Amino acid sequence: MIEERFFQDRDSLFDALTQDCSERLETAIDNRGAASFLVSGGGTPKPLYQRLAGCDLPWAKTSIALVDERWVDVGEQGSNETFIREHLLQDRAAVATYIPSKTGDASPEAGLAECEQAYHTLPRPFDLVILGMGPDGHTASLFPHAGGLTSALDPHSGQLCAAIQAQPSAVTGPLTERITLSLCGLLQARQLHLLITGDDKLQVYRAAKDNTDFAAMPVSAILHQEQVPVWVYWSP
Ligand code: 6PG
């Protein structure tokens, strides 16, 4: 269920991905009157969000939420909500509805129930989900051997979201408290888009395809499931 779309350069990749995403959002709204768009932070998808923000799409009928968030307030260093507000919820997309994941609670564990409730307002199956991948094989905030990972990777947990305490690493930096879509939540998508660039990530992706130890490389859980098609977009 993996479809690889590999491109020669980033411009071609982002042109094709913007087209693909636009069509999926339009189809959702044509068929069901509303769309859900789940987005990742990280540097890689920025050109996608900037392009989509300028597209003439039915944004007023689109709900946007994060795939994962650091447990920091909007405006603080590392806030994915801030990143999405600055790069996607702009221009034509400014009228989309944003569903927050960060609550006023002290920890992701304490905020989980409220976040879960908020995510239940999103149309499901999720129409469009953009995932990234880190050099450690994490996706969303499903970090290798993290606290909370076992239940987050349980495909039958019945929970859309999960609280994560990542092991501090060069990848996480100091912001190790996260809220994330769980594997169970990710599997409630019509399809998943995994967006990666560069040769290093291609090597990590290939290793993750061969790996079956999901706690060591959580993105492998996405690549090995048979429920939801995965579109892998890559360019150098
Ligand atoms: C985040 C993410 C995370 C990201 C990867 C890749 O909030 O940081 O959702 O899972 O997609 O870490 O990040 P880059 O695109 O910056 O390499």
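Computed log10 I(q)/I(0) for region 1-41 at 0.21, 0.31, 0.33 Å⁻¹: -0.82, -1.02, -1.04, from the Debye equation with unit scatterers placed on every C-alpha and solvent omitted.
Once you sort the root eigenvalues of the Cα gyration tensor of the chain as a ≥ b ≥ c, which label holds: rounded (a/c under 1.5), prolate (a/b larger than b/c) or oblate (the other case)? Mind showing how you got there, number by number?
Details: a/c = 1.38, a/b = 1.09, b/c = 1.26.
Note, shape of the chain comes out rounded.
Each stretch of four or more DSSP H residues adds -39500 (n - 2.57); spread over every residue of the chain, this sum gives -9500 deg cm²/dmol at 222 nm. Net length available on complete extension from residue 107 to residue 227 is 40.0 nm, with 0.36 nm assigned per residue and the Cα-Cα distance removed.
If you take the Cα Rg of region 183-236 and divide it by 2.2 N^0.38 Å, with N the number of residues, what do you get?
Numbers: Rg = 11.2 Å, N = 54, 2.2 N^0.38 = 10.0 Å.
Here the answer is 1.12, to two decimals.
Antiparallel DSSP bridges in the chain: what percent, to the nearest 5?
Working: 10 of 34 bridges.
Bridges in the chain are about 30 percent antiparallel.
Could you count how many Lys pairs in the chain have their Cα atoms under 28 Å apart, skipping same-chain pairs fewer than 8 positions apart? Working shown, then result.
Details: 46/61; 46/102; 46/201; 46/209; 61/102; 201/209.
Pairs that pass both the separation and distance tests number 6.
Using R₀ = 22 Å, calculate the FRET efficiency as 1/(1 + (r/R₀)^6) where r is the Cβ-Cβ separation of residue 190 and residue 121; round to 0.05. According to the calculation, E is roughly 0.80. The slack in the chain from residue 46 to residue 157, taken as 0.36 nm per residue of separation less the alpha-carbon distance, amounts to 36.8 nm.
Around residue 144, under 11 Å between beta carbons, what's the net of Lys plus Arg minus Asp minus Glu among the other residues? Write down the numbers at each step before the final one.
On the way: positive: none; negative: 136, 213.
Result for the local shell: -2.
Could you quote the convex hull projected area for region 102-161, Cα atoms only and averaged over all directions, in nm²?
Details: hull surface 19.8 nm².
Averaged projected hull area, Cα only: 5.0 nm².
R0 = 22 Å: FRET efficiency of residue 26 with residue 60, Cβ-based, nearest 0.05? Mind showing how you got there, number by number?
Numbers: r = 13 Å, r/R0 = 0.60.
Between residue 26 and residue 60 the formula returns 0.95.
Pairs of Cα atoms in region 96-199 fall into 10 Å distance bins, from 0 up to the last occupied one, in shares of 15, 46, 34, 5 percent. Working ranking of peptides 48-59, 31-42 by packing, defined as the average number of other Cβ atoms within 10 Å per residue, highest first, is 31-42, 48-59. The protection proxy used here, the mean number of other Cβ atoms lying within 10 Å of each residue, ranks peptides 217-224, 170-177 as follows, highest first: 217-224, 170-177.
Quick note: the coordinates plus some simple rules give every number you see, no bench work behind them. Nothing here was measured: the structure is a model prediction, and the numbers come from that model. For neighbour counting, all protein chains shown are included, and Cβ atoms are generated from backbone atoms with ideal geometry for every residue, glycine included.
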